[in-house]
Amino acid sequence: MLAIRRIWIVVVAAVLTALLYTLLLLIPNSQSDNDKLSQQLDLISQLLARDIELVRAGLVSDFNAAPERLDENWLNQQVELSNGSELKLNGLVHRVTGKLWNVSAGFDRPDQIPRKLEPKHWLCQPSCRLLLSVSRGNDELIADIDLQRWLLIQGNKLGLSLNLAGATRASLEKLEASTIEQNTGLYFSSRQSDDWDNASDTVLEGVPMTLSGQFSNPPTIAIHWYVLLSLLILSLLAMALLAHLYGRRQLRWKQLFRQLEKTLSAIESGNFDVVNKRLVGSMQHAPELARNFVRKLAIYGLQDEATKATLAQISNDKDWLAQHDGMTGLANRESFHQLLQQTIHDADTSALLLIDIDDFKEINDASGHQIGNDMLIKLASILAEHVALPYRSARIAGDEFAVWMPGASLEEGEQMANKLLEASRQIMLAGDNMLHRLSLSIGVVVAPEHGNEFDVLMTRADIALNYSKAQGKGRYASLRDPDLEGYLLKQRFMYSRVHSAIRDQRLALAYQPIVRVNDGSVSHYEVLLRIEDEVGNYVSAYPLIQAAERQRDVGVLDKWVLNQVLTLLMQMRRNNQNHRLAVNISGQSMSDAQLTETLLQRIEFSGCGPDLVVEITESAALENIGLTQRNIERLQALGCQVALDDFGVGYSSVNNLLSLPFDYVKVDGCFIRKLSSDDAVIPLLEFLVTISKLRGFQLVAEFVENEKVAQQLEQIGVQFAQGYHYGKPELGRLSLDVSDDVQAQPGQLQQ
């Protein structure tokens, strides 16, 4: 056994050595041959271009010195004179005002030459030819160049096979051509072969004609190649022989595994009577190294009822996994659903808690999924400690958990929520250079008061959960909360106003200037949505936008705002105005492929991309980095600039900031307001200024409210600013007599 193993190692080493040596010999030679061929093709291509220019210069000289009316003898004489040169003429055609006049011998089908020709024309009808055209007043002399003869001569000199590859596609219907040309349609040619190399550039500028070639005689194979090939063949034969020697041993192992597989099948099915018999058969087929293991398994593995009970439990693992979450060991959504439906009518009242981990996505993004998984397991351990039978807990999905409390009242459900919140506040996990505290939001409902079906109760619990998050997270909310009913009514009312506000024309746009910090001149305006309230005042539409986002219908507002902005930009263009407007597009719209396509088509149709800045919120941008990058590139291809809005208000990542090609990054006002009171803000802004210079984007500071902050921003190097110090959002239309570089003064917006 040891000798065979040593032989195997020697053979493998020999094979690897042969392969390595072969590669070391092959790669440089192949690279050297390819480089040599490429250099020769480049030189020949330049030589051909030079000869073509010489022939054309000669034609111009001869044509200008020729009689006014050329006869066939003159044309034939010019063709015969070119026979002594390497680049000769196949034939000549003389045309006057585009009509055929005289043709020399050797010119094939001159009636198919298009009337309009470039000075150098690469044409296929169907054979490919290079036509040189020179003019003298209304006279035109067209020469057919014998390129194949030139290539043959040059190739024989260098031991190469040369050809011209290229493709010409031209619709002759667009040219002033004869009926024959029009019927021919599209001419094209491609003589390029996959195993031929091409010159770096085309032979002539503007003419799709590329020189390609290969060595006429393949390189001879040196003797060391035969030696290496023989060594490789001998090594492979030796490996095959060794594999055969191992074959009999492998067969015995395969038979052992087959018997063990049948044994496991018998255990899973509970057929313990045949297990010992199969183990004995396995021992007979086992190689010597495995016999002791199988013998002990047969003796000790299946002798008593306790072992049989254990095996029966193992056989039921599949059923257990089908009803439980593999990571936390809690019940899964399906089994929780069944439990709730089975027990909901057994008690007068029962409580349901829906639990969600706050900012769970940010934990995963910041410190990785392993920390996120650890957080889920910690929460599962809290539930296992505090939720005892007859109560049950489950992992519903992702970072959502639920607790079902049969027979419990709403008060008892709230008490359980308090216990879970208190326990969660003690949990902290160390991530990448940061600590993550376990924070929960909980919604509490009871059956049958809030519903007696699983889906109804889960929906009501989700409403309470969202309300608890809206109140600041890390807390619970129940449907009896006195503020919750008002919250629900407000959300429903606001959502009902989305479409009615558009229908009744109660929406309007306000404009706030974004200025250059160094001189206070206006760079562009941000467009803000306003809605008319009950007394006729226009107020912020932010609650309206929030309600539409919760109903997944915010796209209707995005489309309305974008239509208004594009219409205004087109009107200003007709009046020779040069304003730029910044418009916010919600994260929901940017993640909806169909809606995004609609918005991009409208921008492209308007032609106002260069006058548009599209602002994307940080949370939306970081939701799907790949999708965001594609959308930014498509917007920039239309001429738009793209801004990252509210940088710093969410979970910021400089790495993500560096990976996306933004034109502007807007620093959220929560930093700017602390500029005078918090010493840590200045280094942060200086760092962002440095990054902006390296990555080529501009910084915009939001919520600049006084001159002191403006001066600090200028000293730090922030390029742009926005806030009440420079101008409040004003309702109305942009004035049509204001340029981009004027100072931001009241009256730039017409009421």
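The values are calculated or read from the model by the stated rules, or taken from the named source; none is laboratory data. Values in this document were obtained by computation on a predicted structure and should not be read as measured data. FYI the Cβ positions are ideal-geometry reconstructions off the backbone, even for glycines, and counts take in every protein chain you see. Remember, those area values only see protein heavy atoms, side chains included, never the ligands or the DNA or RNA. Shrake-Rupley method; radii C 1.70, N 1.55, O 1.52, S 1.80 Å.
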10 Å beta-carbon shell around residue 429, net charge (K/R +1, D/E -1): +1
Amide H contacts of residue 615 (H built 1.01 Å from N, under 5 Å, at least 5 apart or other chain): 583, 584, 585, 643
Unit charges on C-beta of K, R, D, E only; dipole of segment 115-163, Debye: 80 debye
Peptide ranges 377-390, 40-53 listed from the most packed, as the mean C-beta count within 10 angstrom indicates: 40-53, 377-390
Cα gyration tensor shape of segment 112-154, rounded if a/c is under 1.5, else prolate or oblate by comparing a/b with b/c: oblate
Distance from segment 37-87 to segment 686-706 (C-alpha centre basis), Å: 63 Å
Note, ³J(HN,Hα) from phi for segment 521-531, Karplus 6.51, -1.76, 1.60, rounded to Hz, x at Gly and Pro: 7, 6, 8, 6, 10, 8, 8, 10, 8, 10, 10
Table column - 3J(HN,Hα) (Hz), segment 661-670, Karplus curve with 6.51, -1.76, 1.60, x for Gly and Pro: x, 6, 8, 10, 10, 9, 7, 4, x, 5
Burial ranking of peptide ranges 437-444, 114-121 (average Cβ count within 10 Å, highest at the top): 437-444, 114-121
Distant-in-sequence amide H partners of residue 638 (H built 1.01 Å from N, under 5 Å): none
Which of 559, 36 is most accessible, then next, and so on - probe 1.4 Å: 36, 559
Rounded to the nearest 10 Å², the accessible area of residue 258 at probe 1.4 Å: 130 Å²
Peptides ranked, highest mean first, by Cβ atoms within 10 Å: ranges 332-339, 517-524: 517-524, 332-339
